[in-house]
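K.L.:
The structure follows.
The values are calculated or read from the model by the stated rules, or taken from the named source; none is laboratory data. Everything quoted here is computed from the prediction, not taken from an experiment. Please note: Cβ atoms are built from the backbone with ideal geometry, for glycine as well, and neighbour counts cover all protein chains shown.
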Amino acid sequence: MTRPGLRVPRQRGEEVRRALRESGLLDTAWEICREADHLVLPLVPEGAVPSDLGERVERDFAPVRRPGPSDYRELVALPTAERMLLPRSFDVVGDIVLVRVPEELESSKEAIGAALLAFVPGARLVGADRGVHGPERRREVERIAGSGPWKTRHRENGIELDVDLALAYFSPRLAREHERVATEVARGDRVYDLCCGVGPFAMAIAHDGRARAVTAVDANPVAIELLSSSLRRYRYTDRVLAVAARLEAFLPAAEPRERVVLNLPHEGIKYLPSVARLVGPRGRLYYYAVTPRAELDGRTQAIMDALGSEATWTIVERHVVHPYSPLSDLMAFVVERAER
Ligand SMILES: C[S@@+](CC[C@H](N)C(=O)[O-])C[C@H]1O[C@@H](n2cnc3c(N)ncnc32)[C@H](O)[C@@H]1O
């Protein structure tokens, strides 16, 4: 929408701006426009401006951006004792914000949601995150502000993933890990992404473009439909085969590959004896497990034992992906199979 402005030569800009401001004629809600060697100063609508100050014009001015609070907690009206319990962090997935609401603040959840909706640029919906449950690790989410579906598109590592936060597992906290594995894939490698969810590993590897083939498998058909939708959008359907199947059905007939990802952090270990057969000579397994910090060495040994003694295995790396609870981390274990 256009508004009244005063067009003045640049060299008179400061003098006229001050005169307009002192007489209450400058509209400070709008940015000054720059036009070659002129400036256009925004005017309050009804003000009478002396004609010798400049030329009266109409322009589409941009609003002045006022610095907002640096922390969403400043926007939640709560007594100090309760404010201390507000979580410091939250997750953003596409245009959806997820926050863990402490039990003690359940009655203030709408106020927390409203604050996050106002604080996060582009947020459409805010959900209370009640954790992931069941074999398909679906997230229990409750709308606490905003509107619309749990389906969104999330951008990570330069690609947009189709995500439905209520129907298929996704966490934005693994973005660096998805990228890290993709950058390790060598030209011509064939990859299995087991328990792929909506396919952030498979999509990052496909986008990188060096793999010869990727097969992504998940028991949740909704996750596979979301991955298929992302693959069609990027025309990567010839790079990734998306398979809706349980590992129990998929693993027995599968052929060995150069890279295998298995991200099933609570119970993946039970599949390791069968997954071991899928890792080719000098191939690598990227295995993820929730690991109590005090038991790191014991868990590492349990992984080696589960892989079995038919081949020689070497742990080439283990690192923390992110803290999981006060006493445990989500850990990445990278294990290599020997040549023969
Ligand atoms: C923690 S999520 C990992 C998702 C994905 N890899 C990622 O990084 O976002 C685990 C996934 O394993 C799948 N899953 C669980 N048990 C399975 C099984 N027996 N066979 C195949 N997939 C399974 C779930 O449906 C879920 O999508």
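K.L.:
Check every one of the strands (runs of 3 or more DSSP E) wholly within region 134-233 and list those with 2 or more residues that are surrounded by fewer than 18 Cβ atoms within 10 Å (Cβ to Cβ).
P.N.:
Values: elements: 138-146, 151-156, 159-164, 190-194, 213-218.
Qualifying strands (runs of 3 or more DSSP E): 138-146, 151-156.
K.L.:
Please enumerate the residues belonging to region 1-33 that are assigned to a strand (DSSP E or B) and free of Cβ contacts under 8 Å to residues at least 24 places away in the same chain.
P.N.:
Taking region 1-33 first, the residues assigned to a strand (DSSP E or B) are 3-9, 26, 30, 33.
Leu26 - this is the single residue of region 1-33 that is assigned to a strand (DSSP E or B) and free of Cβ contacts under 8 Å to residues at least 24 places away in the same chain.
K.L.:
Kindly provide the set of residues from region 178-202 that are of a type in the set (A, V, I, L, M, F, W, C), more than 10 Å from the ligand (Cβ to nearest atom) and within 14 Å of Leu241 (Cα to Cα), ordered by number.
P.N.:
Val191
K.L.:
Kindly establish whether Val214 is more than 23 Å from the chain's Cα centre (by Cα) and at pLDDT 95 or above. It would help to see each step written out before you state the result.
P.N.:
Numbers: more than 23 Å from the chain's Cα centre (by Cα): no; at pLDDT 95 or above: yes.
Against the criterion (more than 23 Å from the chain's Cα centre (by Cα) and at pLDDT 95 or above), Val214 does not qualify.
K.L.:
Within region 97-145, track down each residue that is more than 21 Å from Met84 (Cα to Cα) and within 16 Å of the ligand (Cβ to nearest atom).
P.N.:
Gly131, Val132, His133, Gly134, Pro135, Glu136, Arg137, Arg138, Arg139, Glu140, Val141
K.L.:
Need the failing condition index for Asp164 against (1) without any contact (Cβ under 8 Å) to a residue 40 or more places away in the chain; (2) within 15 Å of the ligand (Cβ to nearest atom), just the number.
P.N.:
(1)
K.L.:
Okay, next question. Do we have any residue at all in region 83-95 that's surrounded by fewer than 10 Cβ atoms within 10 Å (Cβ to Cβ) and farther than 24 Å from Pro172 by Cβ? Write out each step before concluding.
P.N.:
At the first step, the residues of region 83-95 found to be surrounded by fewer than 10 Cβ atoms within 10 Å (Cβ to Cβ) are 84, 88-89.
Subsequent filtering for residues that are farther than 24 Å from Pro172 by Cβ retains 84.
Yes, the conditions are met somewhere in region 83-95.
K.L.:
Out of the residues in region 271-287 meeting the condition of being in a strand (DSSP E or B) and touching a residue at least 60 places away in the same chain (Cβ under 8 Å), tell me which one is surrounded by the fewest Cβ atoms within 10 Å (Cβ to Cβ). Before you say what the answer is, go through the steps one by one.
P.N.:
Here is the first cut: in region 271-287, the residues in a strand (DSSP E or B) are 279-287.
Still in the running and touching a residue at least 60 places away in the same chain (Cβ under 8 Å): 284, 286.
Values: Arg284: 25, Tyr286: 22.
Among them, the one singled out is Tyr286.
K.L.:
Answer yes if at least one residue in region 51-59 is away from the ligand (no atom under 16 Å from the Cβ), within 30 Å of Pro4 (Cβ to Cβ) and hydroxyl-bearing (Ser, Thr, Tyr), and no otherwise.
P.N.:
yes
K.L.:
Considering (1) under 21 Å from Gly134 (Cα atoms); (2) more than 15 Å from the ligand (Cβ to nearest atom), say which one Val243 fails and leave the rest.
P.N.:
The single condition Val243 does not satisfy is (2).
K.L.:
Among the residues of region 250-257, is any within 12 Å of the ligand (Cβ to nearest atom), in contact with a helix residue (DSSP H, G or I) (Cβ under 7 Å, 6 or more places away or on another chain) and not assigned by TED's automatic domain parsing to the domain that holds Glu136?
P.N.:
Within region 250-257, one or more residues are within 12 Å of the ligand (Cβ to nearest atom), in contact with a helix residue (DSSP H, G or I) (Cβ under 7 Å, 6 or more places away or on another chain) and not assigned by TED's automatic domain parsing to the domain that holds Glu136.
K.L.:
Additional query: Looking at region 311-336, which of its residues are among the hydroxyl-bearing types (Ser, Thr, Tyr) and either part of a strand (DSSP E or B) or under 11 Å from Tyr286 (Cβ atoms) (or both)?
P.N.:
Step one: list which residues in region 311-336 are among the hydroxyl-bearing types (Ser, Thr, Tyr), which gives 312, 314, 324-325, 328.
Residues satisfying the conditions are Thr314, Tyr324, Ser325, Ser328.
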